[in-house]
Amino acid sequence: EVQLLESGGGLVQPGGSLRLSCAASGFTFSSYAMTWVRQAPGEGLEWVSAIGVSGGTTFYADSVKGRFTISRDNSKNTLYLQMNSLRAEDTAIYYCAKDRNSGSGSYDYWGQGTLVTVSS
Amino acid sequence: QSVLTQPPSVSGAPGQRVTISCTGSSSNIGAGYDVHWYQQFPGTAPKLLIYVNSHRPSGVPDRFSGSKSGTSASLAITGLQAEDDADYYCQSYDSSVSGYVFGIGTKVTVL
């Protein structure tokens with residue numbers, strides 16, 4: 001059974017940093033691109049970042065470019081999102097998701113999400 | 001403001017057919033990029049409903065169908081059921097932002 005379990009969310013002050021993790025199991029993690037998607041309270045989905053199977057290829061939404069860094073450790077079956085210079089508008093539930101087929105841009109499995117709150 | 005436009009809400013009685021439009025442009029759907037659809041219930045993660053314009057993952061009922069034409073795509077739900085009351089999002093790639101984009105989402109209400 002495919003499972004994705006996010007962790008690392010919490011309350012952080014504006015300008016602060018957080019590192020999210022997504023522990024994957026039930027599939028060959030190293031064979032699939034992975035993605036982070038967020039959802040602000042009461043709002044829609046926003047694609048944040050994606051990473052290729054080896055970690056050598058990364059993509060970012062303009063809203064987080066230069067502040068967030070996506071990475072993965074295939075030996076630990078874990079996806080990460082390092083978030084720096086956090087702003088109030090980064091407050092959201094952050095979901096990690098697995099590409100159905102690497103490069104497809106469709107996500108067939110999602111974690112339960114971790115809440116990030118940026119507030120003083 | 002999303003580059004993919006969806007109606008904020010649609011509604012229908014049980015058994016009826018409803019459609020949700022997803023209107024894009026020449027930098028996303030019109031450029032030939034695939035459209036995917038997700039269903040989301042309050043407090044839960046999204047679920048992949050349709051991938052690559054019209055394909056259903058295993059386990060998704062065949063009353064859900066997707067199509068794409070020109071710069072738009074549509075999700076149809078036939079034989080609407082109470083359990084279909086949820087939010088629905090379309091998604092595609094957009095070359096102008098070099099990333100994936102979601103529609104604003106459509107709330108389907110079963111009357």
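The values are calculated or read from the model by the stated rules, or taken from the named source; none is laboratory data. In this text the structure is predicted, and so the values were computed from the model without any measurement. Note: ideal-geometry Cβ built from the backbone for every residue, glycine included; neighbour counts use all protein chains shown.
Here segment B:78-104 is the region considered, the condition is being assigned to a strand (DSSP E or B) and of a type in the set (Ser, Thr, Tyr), and the residue that is farthest from the other protein chains (Cβ to nearest Cβ) is B:TYR88.
Do we have A:GLY42 as free of Cβ contacts under 8 Å to residues at least 24 places away in the same chain and over 22 Å from B:PRO57 (Cα atoms) here? It is true that A:GLY42 is free of Cβ contacts under 8 Å to residues at least 24 places away in the same chain and over 22 Å from B:PRO57 (Cα atoms). Any residue that is touching a Leu at 6+ places or on another chain (Cβ under 7 Å), in a strand (DSSP E or B) and more than 9 Å from chain A (Cβ to nearest Cβ) - is there at least one of those in segment B:40-63? Checking segment B:40-63: not a single residue is touching a Leu at 6+ places or on another chain (Cβ under 7 Å), in a strand (DSSP E or B) and more than 9 Å from chain A (Cβ to nearest Cβ).
Apart from one condition, B:THR109 fits all of (1) buried (at least 19 other Cβ atoms within 10 Å of the Cβ); (2) farther than 23 Å from A:LEU4 by Cβ; (3) not acidic (Asp, Glu); the exception is (1). Within the bounds of segment A:41-51, is there any residue that is touching a Cys at 6+ places or on another chain (Cβ under 9 Å), not in a helix (DSSP H, G or I) and not β-branched (Val, Ile, Thr)? No: segment A:41-51 contains no residue that is touching a Cys at 6+ places or on another chain (Cβ under 9 Å), not in a helix (DSSP H, G or I) and not β-branched (Val, Ile, Thr). Restricting attention to segment A:106-119, the residues that are assigned to a loop (DSSP other than H, G, I, E, B) and touching a Gly at 6+ places or on another chain (Cβ under 9 Å) add up to 1.
Exactly one residue out of B:ASP62, B:ASP34 is within 17 Å of A:LEU45 (Cβ to Cβ), more than 10 Å from the chain's Cα centre (by Cα) and among the acidic types (Asp, Glu), and it is B:ASP34. Considering (1) over 25 Å from B:GLY59 (Cα atoms); (2) in contact with an Asp or Glu (Cβ under 9 Å, 6 or more places away or on another chain); (3) β-branched (Val, Ile, Thr); (4) crowded, with 21+ Cβ neighbours inside 10 Å, the lone condition that A:VAL118 does not fulfil carries the number (4). Within segment A:84-113, which residues are modelled with pLDDT of 95 or more, among the polar types (S, T, N, Q) and out of contact with any Leu (no Cβ under 8 Å at 6 or more places or on another chain)? Once the filter is applied, which keeps residues that are modelled with pLDDT of 95 or more, among the polar types (S, T, N, Q) and out of contact with any Leu (no Cβ under 8 Å at 6 or more places or on another chain), segment A:84-113 yields A:ASN84, A:SER85, A:THR91.
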